[in-house]
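Contents: one structure, followed by commentary.
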Amino acid sequence: MASTTTTTTTTCCNNLLVLLITLLCINVAFVASNFNQDFQITWGDGRAKILNNANLLTLSLDKASGSGFQSKNQYLFGKIDMQLKLVPGNSAGTVTAYYLSSKGGAWDEIDFEFLGNLSGDPYILHTNVFSQGKGNREQQFHLWFDPTANFHTYSILWNPQRIVFSVDGTPIREFKNLESIGVPFPKNQAMRIYSSLWNADDWATRGGLVKTDWSKAPFTASYRNFNANNACIWNSGKSSCKSSSKSSASSASWLSQELDSTGQQRLRWVQKNYMIYNYCSDKKRFPQGLPLECTH
């Protein structure tokens with residue numbers, strides 16, 4: 001009798017374990033990104049590929065062409081994450097761009113650009129914010145890890161009050177809404193997500209002094225785990241965040257999110273130790289005075 005009871009208990013436990021594992025797998029599958037569903041390849045003549053059951057996207061560059069993709073949806077505000085693994089080895093001359101942008105002559109844009117370098121030299125992470133067609137707001141950083149060895153998460157928090165760029169959850173830049181002092185802020189134009197891998201050896205590495213070594217081609221960058229669950233899809237003049245009270249409530253936290261004291265401390269740490277260029281410190285570039293947002 002004891003043996004039978006033990007066997008029954010063991011069987012029940014095993015069945016429960018199998019059930020839990022199955023549920024976990026279903027949940028993971030549910031939250032995993034699907035690049036066929038969320039994106040479309042826009043150029044590259046076969047150099048961009050969606051792989052691994054649409055969980056992985058790769059862009060490649062050779063001497064003939066680079067490649068790129070864009071989101072099927074447009075967004076007006078959101079918390080958007082993407083994991084990237086950048087071109088390894090000698091990536092000098094290459095640029096991997098990942099950004100949000102609207103269309104038209106007075107477009108808005110939020111940029112991550114990764115400027116390649118010689119083997120052993122660090123990538124430069126270039127950021128910029130355009131509002132109503134005006135940019136010139138560059139901040140550049142080195143990273144505190146090798147972005148080619150593993151995937152890392154690059155995030156944009158965009159709400160009506162601020163734009164925060166983050167890397168692996170660590171904020172590196174904040175651009176605040178300062179319309180009150182006359183600085184335009186991206187808030188009225190829906191944007192798509194774009195990414196491309198292309199040759200920019202006329203400027204990307206050491207001001208164009210180091211050229212792309214085509215003997216190392218093809219160059220490849222990889223993408224996975226896209227997440228725009230906390231983002232407002234804009235379609236036919238309507239926002240998904242206003243479609244129901246439940247949706248609005250779930251969105252409320254990031255729509256008003258700001259950096260807490262820990263986030264501000266991390267931001268200062270990055271800017272003190274890893275920022276290599278800040279337009280707000282470039283008085284030679286702005287002899288008539290720094291841009292308004294730099295004084296607040």
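Quick check: anything in the stretch 242-252 in a helix (DSSP H, G or I) and modelled with pLDDT of 95 or more? Scanning the stretch 242-252 turns up no residue that is in a helix (DSSP H, G or I) and modelled with pLDDT of 95 or more. Just a yes or no: is a residue in the stretch 134-143 under 23 Å from Y274 (Cβ atoms), hydrophobic (A, V, I, L, M, F, W, C), surrounded by fewer than 22 Cβ atoms within 10 Å (Cβ to Cβ) and modelled with pLDDT under 95? The answer is no, given that none of the residues of the stretch 134-143 is under 23 Å from Y274 (Cβ atoms), hydrophobic (A, V, I, L, M, F, W, C), surrounded by fewer than 22 Cβ atoms within 10 Å (Cβ to Cβ) and modelled with pLDDT under 95. A residue that is in contact with an Asp or Glu (Cβ under 6 Å, 6 or more places away or on another chain), touching a residue at least 24 places away in the same chain (Cβ under 8 Å) and either more than 25 Å from S102 (Cα to Cα) or part of a helix (DSSP H, G or I) (or both) can be found somewhere in the stretch 208-215.
Is it the case that F77 is open to solvent by 10 Å² or more (accessible area, probe 1.4 Å), hydrophobic (A, V, I, L, M, F, W, C) and part of a strand (DSSP E or B)?
So F77 fits the description; yes.
Entry remark, the stretch 94-113: residues being open to solvent by 10 Å² or more (accessible area, probe 1.4 Å), part of a strand (DSSP E or B) and over 18 Å from G78 (Cβ atoms) number 1 in total.
With respect to (1) modelled with pLDDT of 95 or more; (2) over 30 Å from Q264 (Cα atoms); (3) part of a loop (DSSP other than H, G, I, E, B), the lone exception for P186 is condition (2). Taking each residue of the stretch 268-296 that is touching a residue at least 24 places away in the same chain (Cβ under 8 Å) and looking for partners that are open to solvent by 90 Å² or more (accessible area, probe 1.4 Å) and outside any helix (DSSP H, G or I) with beta-carbon atoms closer than 9 Å, six or more apart or interchain, yields E293/K176; H296/K176.
Of all residues in the stretch 117-132, those that are open to solvent by less than 30 Å² (accessible area, probe 1.4 Å) and closer than 22 Å to S101 by Cα total 6. Among the conditions (1) touching an Asp or Glu at 6+ places or on another chain (Cβ under 8 Å); (2) part of a strand (DSSP E or B); (3) charged (D, E, K, R), R47 misses just one, which is (2). Scan the stretch 181-201 and tell me whether some residue there is among the acidic types (D, E), open to solvent by 10 Å² or more (accessible area, probe 1.4 Å) and without any contact (Cβ under 8 Å) to a residue 12 or more places away in the chain. Among the residues of the stretch 181-201, not one is among the acidic types (D, E), open to solvent by 10 Å² or more (accessible area, probe 1.4 Å) and without any contact (Cβ under 8 Å) to a residue 12 or more places away in the chain, which makes the answer no.
The values are calculated or read from the model by the stated rules, or taken from the named source; none is laboratory data. All of these numbers come straight from a predicted model, not from anything done at the bench. Cβ: placed from backbone, ideal geometry, glycine included. Neighbour counts: every protein chain shown. Remember, those area values only see protein heavy atoms, side chains included, never the ligands or the DNA or RNA. Shrake-Rupley method; radii C 1.70, N 1.55, O 1.52, S 1.80 Å.
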